[in-house]
Amino acid sequence: MGITPEGLQLIKSWEGCRLCAYPDPASGGAPWTIGYGHTGPEVHQGLAISQQQAEAWLAEDIATAAAAVDRLLVSLLPGVFALGRSVVLRRID
């Protein structure tokens, strides 16, 4: 699953980009966030990155999320098709 250029721009506009790590608003600390909402063990207080690094982490994060959605869809599809043949579903109709 890919993302359209429009989808990428939407994510960027929602997330905003901060090139210096900032703390989680709720905890005042971890997880530290940087770039377009990137978190992970490599993000810590005082970290500063380039715009290019922010773009690279965004691409990686999107790929990770898209792969998770793909796995979920593949696991759900057999059940969706089975539901279409379900006796219970036919009786509900």
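The values are calculated or read from the model by the stated rules, or taken from the named source; none is laboratory data. All values derive from a computational prediction rather than experimental measurement. Reconstructed Cβ throughout: ideal geometry from the backbone, glycine too, with neighbour counts over all protein chains shown. For the accessible areas, the whole protein counts, side chains as well, though only heavy atoms, and no ligand, DNA or RNA atoms are used. Shrake-Rupley method; radii C 1.70, N 1.55, O 1.52, S 1.80 Å.
Structure data summary
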{"quantity": "Given (1) free of Cβ contacts under 8 Å to residues at least 40 places away in the same chain; (2) closer than 12 Å to residue 58 by Cβ, index of the condition residue 5 fails", "calculated": "(2)"}
{"quantity": "Leading residue by the ranking (surrounded by the most Cβ atoms within 10 Å (Cβ to Cβ)) among those in segment 3-45 that are in a loop (DSSP other than H, G, I, E, B) and touching a helix residue (DSSP H, G or I) at 6+ places or on another chain (Cβ under 7 Å)", "calculated": "36"}
{"quantity": "Cβ-Cβ under 6 Å pairs, at least 6 apart or on other chains, segment 15-41 side within 22 Å of residue 56 (Cβ to Cβ), far side aromatic (Phe, Trp, Tyr) and open to solvent by less than 70 Å² (accessible area, probe 1.4 Å)", "calculated": "15/36; 17/36; 21/32; 33/22; 35/57; 38/57"}
{"quantity": "Hits in segment 46-64 - residues which are touching a Cys at 6+ places or on another chain (Cβ under 6 Å) and part of a loop (DSSP other than H, G, I, E, B)", "calculated": "none"}
{"quantity": "Residue match in segment 46-67 (condition: in contact with a Gly (Cβ under 7 Å, 6 or more places away or on another chain), among the aromatic types (Phe, Trp, Tyr) and crowded, with 16+ Cβ neighbours inside 10 Å)", "calculated": "yes"}
